[in-house]
1. Which members of the range 85-120 meet the condition of being touching a strand residue (DSSP E or B) at 6+ places or on another chain (Cβ under 6 Å) and of a type in the set (Lys, Arg)?
2. Between residues in the range 21-36 that are open to solvent by 40 Å² or more (accessible area, probe 1.4 Å) and residues that are of a type in the set (Phe, Trp, Tyr) and part of a loop (DSSP other than H, G, I, E, B), which pairs lie under 9 Å by C-beta distance while being six or more apart or on different chains?
3. Residues in the range 1-20 that are more than 16 Å from the ligand (Cβ to nearest atom) and touching a residue at least 12 places away in the same chain (Cβ under 8 Å): how many?
4. How many residues does the range 54-80 hold that are open to solvent by 50 Å² or more (accessible area, probe 1.4 Å) and closer than 20 Å to residue 119 by Cβ?
5. Consider residue 83 against the criteria (1) surrounded by fewer than 19 Cβ atoms within 10 Å (Cβ to Cβ); (2) closer than 21 Å to residue 124 by Cα: it satisfies all of them except one. Which criterion is unmet?
6. Being under 12 Å from the mean Cα position of the chain (by Cα) and of a type in the set (A, V, I, L, M, F, W, C) is the filter here, so list the residues in the range 52-68 that pass it.
7. Which residues, counting only those in the range 39-53, are open to solvent by less than 80 Å² (accessible area, probe 1.4 Å), farther than 15 Å from residue 66 by Cβ and within 16 Å of the ligand (Cβ to nearest atom)?
8. Looking at the range 85-101, can you tell me whether even one residue there is within 11 Å of the ligand (Cβ to nearest atom) and at pLDDT below 95?
Amino acid sequence: MIKNIDHLGIAVRSLDEAISYYEQALGLSCNGREEVPSQKVRTAFFTAGDVHLELLEPTSADSPIAKFLEKHGEGLHHVAFATDDITEQLQKASKAGCRLLQETPLEGAGGKLTAFLHPKSTHGVLTEFCSMKTRNETESIPK
Ligand code: ZN
């Protein structure tokens, strides 16, 4: 089940320049940076209320974010919904006719599991599901 909007993903050319906009013009403070090799991006997170902002800078020319920037320029890249069961959510979306970009969830920023729906099948919005449960937590032996 979807619980809330977890974050908005925003594609930027330069993490440093975008961070200074969010800090200086909006007065937010950066929660941290992280490189996500599975998606060839560097990310920086901000928090506004219950919603996070995920700034995304490509780390290579074949990164999906590099391709997005080429086509659309900087701007809103995806909307991420937190779910308690990412696999169930993917099955539901698939049954409803959505195109899944991943059949199995990937390791995303913050160690979360993450999977995307193609924007052509979601009325134009690249849609991410993310779940707090990390692979490590899933695999760890209960105390
Ligand atoms: Zn995201």
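The values are calculated or read from the model by the stated rules, or taken from the named source; none is laboratory data. Owing to the predicted nature of the structure, the values given are computational and were not obtained by experimental measurement. Glycine also receives a Cβ, built like all others from the backbone with ideal geometry; neighbour counts cover every protein chain displayed. Surface areas here come from the heavy atoms of the whole protein model, side chains and all, with no ligands, DNA or RNA. Shrake-Rupley method; radii C 1.70, N 1.55, O 1.52, S 1.80 Å.
1. Passing the criteria: only 112.
2. none
3. Adding up the residues that qualify gives 4.
4. 8
5. It fails just one condition, (1).
6. If the condition is that a residue be under 12 Å from the mean Cα position of the chain (by Cα) and of a type in the set (A, V, I, L, M, F, W, C), then 53, 55, 56, 65 are the ones that fit.
7. Of everything in the range 39-53, those that are open to solvent by less than 80 Å² (accessible area, probe 1.4 Å), farther than 15 Å from residue 66 by Cβ and within 16 Å of the ligand (Cβ to nearest atom) turn out to be 44, 45, 46, 47, 48, 51, 52, 53.
8. Pass one, the range 85-101, residues within 11 Å of the ligand (Cβ to nearest atom): none.
No.
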